[in-house]
Amino acid sequence: MSTAAVVGCGDVSIVHFEAIERLAGVELVGVCDVDPAAAAQAHERWGVAAFRDHQALLAAFRPDVVHVCTPHDQHAPVVIDCLESGIAVIVEKPLAATMSEAEKIITAAAEQPQIKIGVCLQNRYNATIQAIRAQLDTGQLGKVLGGHGTVMWRRTATYYTSRPWRGRIANSGGGVLINQAIHTLDLLQWLLGDVSAVDGHASRSRTAPGVDVEDTATLMLDHTSGAHSMLVATTANVVDSPVTLEIDTEHATFFVRGDLTVSHTDGRVEVVRERRALSEGRGYWGVSHQLLIEDFYDRLKDPQPFWLSPLEAAKSQRIIEQVYTGSYAG
């Protein structure tokens, strides 16, 4: 039996609670949130002890795994305290609000290599993405030329007033790039290879009053593989449109918009259906949180680091940091 705790009981925590509840041999023992109302609500819903201080929770239960679902600027202190206490960690994306804070997590993880830590870049577990990766890995589709992604979503003033940290760069680290489009960026660099050059810009055009994070960004990426890609992201769209991802090779084009369509140059067309989520969480989060969390627990006794490590998560965050350095400094 493994024991688990959740620190941060905001919106995304529901998929972590549901995953823990569905896992055989895993028991939720505690929850924590600095907001007493959120902590009390989680206590009532899940029937476990609630805390307002994560160190008090660690001292009381010393769980085997802590799920960190706090605002971005609170990730580093919680993660580092867990690692130093010998407790495995699953942390929501991004790794931290800034690269300097992310580097602190990377250092702490390197100093405790026997302690598991995983980052929720769960879209890599999507059936569509796994299918693309498997076909690319065969090497039978010719040269990988490049691709592009779009994240065309809508975030109203209510989105920010309901959780004010989202609209403050000091707490969130940024807007659409680090909070919404980071998953699509991660997929581009995972499927096409590490990024060697970044040309991008982030801007605020239609954000709500008092919001100082970007709502729109465009990126052009050069990959070490020789491929080139582009990402366009906004939260100023009129609706939440499906995320799209296209990967182009010499002999086939992969296009994801919910499901995956593979169009071969010889005329063959394949379709891979994406799994559908059965969760209280938002539909566009998909089902892959559950798969990532299951995989993490399955690998707890594996001496190798979890494959979605802080070093792996830092790849997309370093790209974002380069865009922010030019955009916010200007």
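Put a dot 7 Å past the Cα of GLN114, heading toward its Cβ, do the same for HIS201, and the two dots end up 5.2 nm apart. Net charge of the neighbourhood of THR128, taken over other residues with C-beta under 14 Å away and scored Lys/Arg +1, Asp/Glu -1, is +2.
Taking amide H positions as modeled 1.01 Å from N, with prolines and chain starts lacking one, the residues under 5 Å from LEU28 and 5 or more places away or on another chain are ALA4. With the convex hull drawn over the C-alpha atoms of the chain, the volume per residue is 132 Å³.
Rolling a 1.4 Å probe across the protein heavy atoms gives the stretch 111-239 an accessible surface of 41 Å² per residue.
Only helical DSSP H runs with n ≥ 4 go in: add -39500 (n - 2.57) per run for the chain, normalise by residue count and round the 222 nm mean residue ellipticity to 500 deg cm²/dmol.
Values: 12 runs with 120 residues, N = 330.
That calculation yields -10500 deg cm²/dmol at 222 nm.
Our coupling estimate for the stretch 144-159, obtained by passing each phi through the Karplus curve with A = 6.51, B = -1.76, C = 1.60 and θ = phi - 60°, is 7, 8, x, x, 7, x, 10, 10, 10, 10, 10, 10, 8, 4, 4, 4 Hz, Gly and Pro reported as x. The distance linking the stretch 114-148 with the stretch 1-69 is 30 Å (Cα centroid to Cα centroid, whole angstrom). For HIS67, the residues whose amide H sits under 5 Å from its own are ALA5, VAL6, VAL7, ILE90, ignoring neighbours fewer than 5 places away on the same chain, with H placed 1.01 Å from N.
Calculate, in nm to one decimal, what SER263 and LYS143 gain on full extension: separation in residues at 0.36 nm each, minus their alpha carbon distance. Show your work: numbers first, answer last.
Values: separation 120, 0.36 × 120 = 43.20 nm, distance 1.54 nm.
Roughly 41.7 nm would be gained on extension.
Remark: the THR158-ASP11 segment gains 51.5 nm on full extension, using 0.36 nm per residue and subtracting the alpha carbon distance. Against the main long axis of the alpha-carbon atoms of the chain, helix 36-46 sits at an angle near 90°.
Computed from backbone phi, the HN-Hα couplings of the stretch 239-246 come to 9, 7, 7, x, 5, 10, 8, 10 Hz, rounded to whole numbers (Karplus: 6.51 cos²θ - 1.76 cosθ + 1.60, θ = phi - 60°; Gly and Pro given as x).
The values are calculated or read from the model by the stated rules, or taken from the named source; none is laboratory data. As the structure is a computational prediction, the values presented were derived from the model and not from experiment. Note that we place each Cβ from the backbone using ideal geometry, even for glycine, and neighbour counts take in every protein chain shown. We work out accessible area using only protein heavy atoms, side chains counted, and drop any ligands, DNA or RNA first. Shrake-Rupley method; radii C 1.70, N 1.55, O 1.52, S 1.80 Å.
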